[in-house]
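Below: the structure, in structure tokens.
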Protein chains: 2
Amino acid sequence: MKYLLKLSYCGTNYAGFQVQPNANTVQAELMRAAEKIFTVPCLVTGCSRTDSGVHAYEYYATVEVPCGGANISSEKLPRALASVLPPDISVMAAWHVADDFSVRRAVSGKEYVYTLWTKNYPNPFLADRAWHYTRPLNMEQMNEAAKFLLGKQDFAAFMASGSSITDTVRTITRCEAVADSDGTVKIYVAADGFLYNMVRIIVGTLVYVSEEKIKSEDIADILLSKDRKKAGKTAPAGGLYLNKVFINFER
Amino acid sequence: MKYLLKLSYCGTNYAGFQVQPNANTVQAELMRAAEKIFTVPCLVTGCSRTDSGVHAYEYYATVEVPCGGANISSEKLPRALASVLPPDISVMAAWHVADDFSVRRAVSGKEYVYTLWTKNYPNPFLADRAWHYTRPLNMEQMNEAAKFLLGKQDFAAFMASGSSITDTVRTITRCEAVADSDGTVKIYVAADGFLYNMVRIIVGTLVYVSEEKIKSEDIADILLSKDRKKAGKTAPAGGLYLNKVFINFER
């Protein structure tokens, strides 16, 4: 029996989604919870890796229950898992899916949102949940630069060095910075796929544009250079949230 | 030298504001931070007690620095304290005040906001920051009942039993439940002063009204009875936030 779970989690206490030796992860918590509920070890597969300290407003994972596991309806599964999961991981909904359903293949794209807290004092409710950045942000220039990142392009310059990925072409469908009246600035990046640290490097680069270390029209040259060193610094993990997952349930 | 601090804190990790034996508190953290910055032990006085796990969007405290303490301008004090305070306590602003300024006397009233999370799955970002309550809330009946609490009345029935306070008359100037489209319900209570657990008992009582355990018009009888047992249960601490402090800087 295979279930698709829609999740949400606060990543502060986790070394990312994927199981790691010597560190707690969201996947490890889900495996422990599933084994308690189904009484047998289950296979948990996530839709995406997330880094240590990164959060998810929306995330999808499948749980494969082998023969002999307890029989639980998909309607009852979220509440059953809630009773054994820590409060920083939540199952919002669950569905039965076909045995050959692959959550990785079902995902056609994702949207991340990066949160900055811009007032001059720290926000105690956003500790590890936003980048505390106190210099004035030039929203107009950042959004001017963001436009250069849209479309199908080679994002090699926006990938952490040392990554083994060779196909670095992705299609960004949204890249936009929005200032909120409460003192937060949110940067939305949606694409068909992401390279390692891509959103955090994009955020660091847009902040460099605001600081006039990079001109918005330089973005085109940075993309062409494919040189990580030409882009901005990698923004801190705590500000990053997986916001939406574009998933095709039929596959 | 005396400073007035405007603070904000997430109360999850603290046994309230006031110093306690064998437990960490916000006041203890402020005293440790002030001693580091001013190089001498300082007296920290808060505008109000808050319970264990209760939060503050806004809070005022004074710091009295004895002779021999370091000389720091009020403009530089928030950043100096931020460098030694934990990230869940923030100093938003600081002012010099007269030596006879009393933060308790300067406060003429306060507003609390109580947050409920009403979707059927837990919100991982509101663990310990909201009451997860999943039954449908009858906003109309709750607001009908809330109106009976307005004005100058004896709130003895809305005070935790065992309190030694004898003058239980207070004036509530706002009592209102507001539903947000994101799944949170906020209950605002403003008054010239509050009795022990008063807001949490009011919230528990309004929820009883929604559950039809109490009729909205029964509120008048509960007030007249002065009997704690006639009101609703005390709502959990984690949903409560000190929202605004009405302070007179001239006193």
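The values are calculated or read from the model by the stated rules, or taken from the named source; none is laboratory data. This structure is a prediction, so every number in the text was calculated from the model and none was measured. No Cβ is skipped: glycine too gets one built from the backbone with ideal geometry, and neighbour counts run over all protein chains shown. Heavy atoms of the whole protein, side chains included, go into the accessibility calculation; ligands, DNA and RNA do not. Shrake-Rupley method; radii C 1.70, N 1.55, O 1.52, S 1.80 Å.
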Label 7 Å along Cα→Cβ of residue B:75; the range B:1-42 residues with amide nitrogen under 19 Å? B:2-6
Using 5 Å bins from zero, what percent of all Cα-Cα pairs in the range A:108-245 falls into each bin? 2, 11, 21, 25, 21, 12, 6, 2, 0
Assuming a ≥ b ≥ c are the square roots of the Cα gyration tensor eigenvalues, decide whether the range B:81-154 counts as rounded (a/c under 1.5), prolate (otherwise, with a/b larger than b/c) or oblate. oblate
Nearest 10 degrees is fine. How inclined is helix B:198-210 to the longest principal axis of chain B, computing both from alpha carbons? 30 degrees
Here the FRET efficiency for residue A:227 versus residue A:135, based on Cβ atoms and R0 = 22 Å and rounded to 0.05, is 0.30
So, relative contact order of the range A:2-101 in percent, Cα under 8 Å, 6 or more apart, is 41 percent
Can I get the semi-axes of the protein assembly as shown's equivalent ellipsoid? Compute them from the C-alpha gyration tensor as square roots of 5 times the eigenvalues, in angstrom, largest first. 43, 33, 19
Lys and Arg at +1, Asp and Glu at -1: neighbours of residue A:29 with Cβ under 13 Å from its Cβ sum to 0
Of the beta bridges DSSP finds with both residues in the protein assembly as shown, what % are antiparallel, to the nearest 5? 90 percent
When all protein chains stay in place, what accessible area (Å², nearest 10, 1.4 Å probe) is found for residue B:170? 40 Å²
Alpha-carbon Rg with Dmax, taken over the range B:118-174, Å: 15.9, 42
Accessible area, 1.4 Å probe, largest first: how do A:132, A:55 sort? A:132, A:55
Just round it to a whole percent: the fraction of Cα-Cα distances in the range B:1-118 exceeding 21 Å. 34 percent
For the range A:38-121, state which trypsin sites (Lys or Arg not before Pro) are in a DSSP loop and have at most 16 other beta carbons lying within 10 Å of their beta carbon. A:49, A:76, A:119
Dipole size in debye (nearest 20) for the protein assembly as shown around its Cα centre, Lys and Arg Cβ +1, Asp and Glu Cβ -1? 440 debye
The range A:154-251 - charge dipole about Cα centre, Lys and Arg +1 at Cβ, Asp and Glu -1, debye rounded to 20: 280 debye
If the convex hull is drawn through the Cα atoms of the range A:192-238, its volume per residue in Å³: 88 Å³
Counting only protein heavy atoms and leaving out ligands, DNA and RNA, the solvent-accessible surface of residue B:140 at a 1.4 Å probe, in Å² to the nearest 10, equals 140 Å²
Expressed in angstrom and rounded, the centroid-to-centroid distance over alpha carbons for the range A:1-62 and the range B:102-173 is 36 Å
Reported to two decimal places, what Rg/Rh ratio describes chain B when computed on Cα atoms with Rh from the Kirkwood expression? 1.01
Could you give the nm distance between label points at residue B:150 and residue B:43, where each point is 7 Å from its Cα heading toward the beta carbon? 4.1 nm
At 1.4 Å probe size, what's the solvent-accessible area of residue B:171? Round to the nearest 10 Å². 40 Å²
Counting only other chains, and only Cβ atoms inside 10 Å, what mean value do you get across the residues of B:192-202? 0
As a quick test, which of the pairs A:6/B:215; A:6/A:119; A:6/B:244; A:233/B:6; A:6/B:110; A:186/B:6 have an alpha carbon distance above 30 angstrom in this structure? A:6/B:215; A:6/A:119; A:6/B:244; A:233/B:6; A:6/B:110
Sorting B:157, B:121, B:103 by the position of each Cα along the dipole of the range B:87-175 (Lys, Arg +1; Asp, Glu -1; all at Cβ), the one nearest the positive end of that ordering is B:121
